[in-house]
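> Here it is, the structure, as structure tokens.
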């Protein structure tokens, strides 16, 4: 291609359909606007509007259009930041009063006018001094410029900006060529937010919206949202009497009711059993530790904002007090278990497993039922291995992770490989080796993945496994991290077969993520209608009349005797009312017994999803059938 060629020219040279769908390009992995000249020989990739990267560009552009509409409709208002997020975008504003639903309608109508005008997005670069003048009426933008925030378009001594018509914003881009490309968008809701997510800073008003490549895609997303609202784990948790979030307890914390306790225990029992049969050793650690431990691990330097405040405990008998923190992670405790005595290469890999409860001070604005909580239990494992065995251990670990997720009913997987962040411990060479090991394990597992540059933990790169639920939503679940740094921090060693001392490599792994969040995902995935092995109540037994109650209880006892969680509903109500209650409560099986059943030792059996009831089944056969259906996967 000739000098001065743009991404659009490249797309058009390939074909008109590609040029029509293109919204941006990558130039040697850097994202460029479609009509920006490519400055040098490069590998160029066309980003189309129906990809996640393309939708990100659409949504970022829609956020600018929304900000433009708000500033026009609300004179004197100012704006803060407005990123694209999963399935949508938002922008934060400082306005005189909270936005109302009528305001959102006006803003959306103004956005439609801006789109109809097909205003081009024009990129420019300003000096820091000129940018401060341009944004003199917008204090949040000036703070970004003064802070030299590259994420918002500030690089070195220049500021990257985008203008469409009279609206100017600070931004790295890229954007769609013009506002006319935004054909399908909708504003969703408004909410309060704090500047930079800090409760001590200015209170702002945030508007959320969504944008898609076509009206058809937008409509499909809105249908998905309707279905998601029906499946909301907070709503179903209340209806099914699983858990609750009492205000007296504090934000981000749940209490588990008896049925929820059964569901949780079933998951935890599965986890313990499966880990034990796959070479893990069960350990337990305390909930608090002295500050020294978190200092050595690096958490105080790299993670303190996510930790609860320090506790000063009296040393007693004139001794100085000690500083303690509740644990945000389990890994330092497992390190101490490894270090409790000398280790030999014959003991490796050493796989430690714990259902350990951790506490993280999440901002109130991000809390969301069980999905984002401040106290939760992780199925946490830490594996200590030789570097020679690392590749094989990672491969076995990926196979184990996918096996477990399949047992819970998930069968679509994707992965992210997150690399070294700006703030990290350890040396760059070790990080590179760790990233190469993780990438090789993903290739061997034939698992599709994408890079997430700079998203690794401070002590090592990681693989995040994502699943898709029943309505197509993507959830991040399992995490696998390779860590060369913590064994160095804590001076971990093992004796080799040549009687020399070497450092082990540490693998951090949470399979379900957290039990709480996993339950929330399961509730929404199954809409509360759990497979029989997970259901808190697996079978309801209903007597037709009071004279059948004793027989119903004997059937219930037989079910309990083979491990089936059975409930005998002998309430003073009609059979129809009791059947409706069992169905509404999403019980997998309903047994009804009457005169004929008492006489012949039979039952009537209705299974969830079946239209008709099976009558006259010998009770022994029914119990055996239900016991087989209720058998856990492993």
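> Please count how many residues of the stretch 87-103 are surrounded by fewer than 19 Cβ atoms within 10 Å (Cβ to Cβ) and either out of contact with any helix residue (DSSP H, G or I) (no Cβ under 8 Å at 6 or more places or on another chain) or in a helix (DSSP H, G or I) (or both).
6
> Taking the stretch 350-366 on its own, how many of its residues are more than 30 Å from residue 198 (Cα to Cα) and without any contact (Cβ under 8 Å) to a residue 60 or more places away in the chain?
0
> With the checklist (1) under 26 Å from residue 264 (Cα atoms); (2) more than 30 Å from the chain's Cα centre (by Cα) in hand, flag the one item residue 347 doesn't pass.
The number of the failed condition is (1).
Quick grid of which residues meet (1) surrounded by 12 or more Cβ atoms within 10 Å (Cβ to Cβ); (2) touching a strand residue (DSSP E or B) at 6+ places or on another chain (Cβ under 7 Å); (3) over 22 Å from residue 85 (Cβ atoms); (4) in the same structural domain as residue 138 (by TED's automatic domain parsing):
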{"residue": "191", "(1), (2), (3), (4)": "yes, yes, no, yes"}
{"residue": "198", "(1), (2), (3), (4)": "no, no, no, yes"}
{"residue": "210", "(1), (2), (3), (4)": "yes, yes, no, yes"}
{"residue": "214", "(1), (2), (3), (4)": "yes, yes, no, yes"}
{"residue": "219", "(1), (2), (3), (4)": "yes, no, no, yes"}
{"residue": "237", "(1), (2), (3), (4)": "yes, yes, yes, no"}
{"residue": "247", "(1), (2), (3), (4)": "no, no, yes, no"}
{"residue": "254", "(1), (2), (3), (4)": "yes, yes, yes, no"}
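> Counting only residues that are assigned to a strand (DSSP E or B) and out of contact with any helix residue (DSSP H, G or I) (no Cβ under 8 Å at 6 or more places or on another chain), which one in the stretch 161-188 is nearest to residue 75 (Cα to Cα)?
163
> In contact with a strand residue (DSSP E or B) (Cβ under 8 Å, 6 or more places away or on another chain), at pLDDT below 95 and assigned by TED's automatic domain parsing to the domain that holds residue 443, is that true of residue 419?
Yes; evaluated as a whole, the condition is true for this residue.
> Pick from 363, 346: which is surrounded by fewer than 18 Cβ atoms within 10 Å (Cβ to Cβ) and touching a helix residue (DSSP H, G or I) at 6+ places or on another chain (Cβ under 7 Å)?
Testing whether each residue is surrounded by fewer than 18 Cβ atoms within 10 Å (Cβ to Cβ) and touching a helix residue (DSSP H, G or I) at 6+ places or on another chain (Cβ under 7 Å) leaves just 363.
> With the checklist (1) under 22 Å from the mean Cα position of the chain (by Cα); (2) at pLDDT 95 or above in hand, flag the one item residue 225 doesn't pass.
With (1) under 22 Å from the mean Cα position of the chain (by Cα); (2) at pLDDT 95 or above applied to residue 225, the lone miss is (2).
The values are calculated or read from the model by the stated rules, or taken from the named source; none is laboratory data. Keep in mind that this is a model prediction, so the values were computed, not measured. Because the Cβ atoms are built from the backbone with ideal geometry, glycine has one as well, and the counts that use them run over all protein chains shown.
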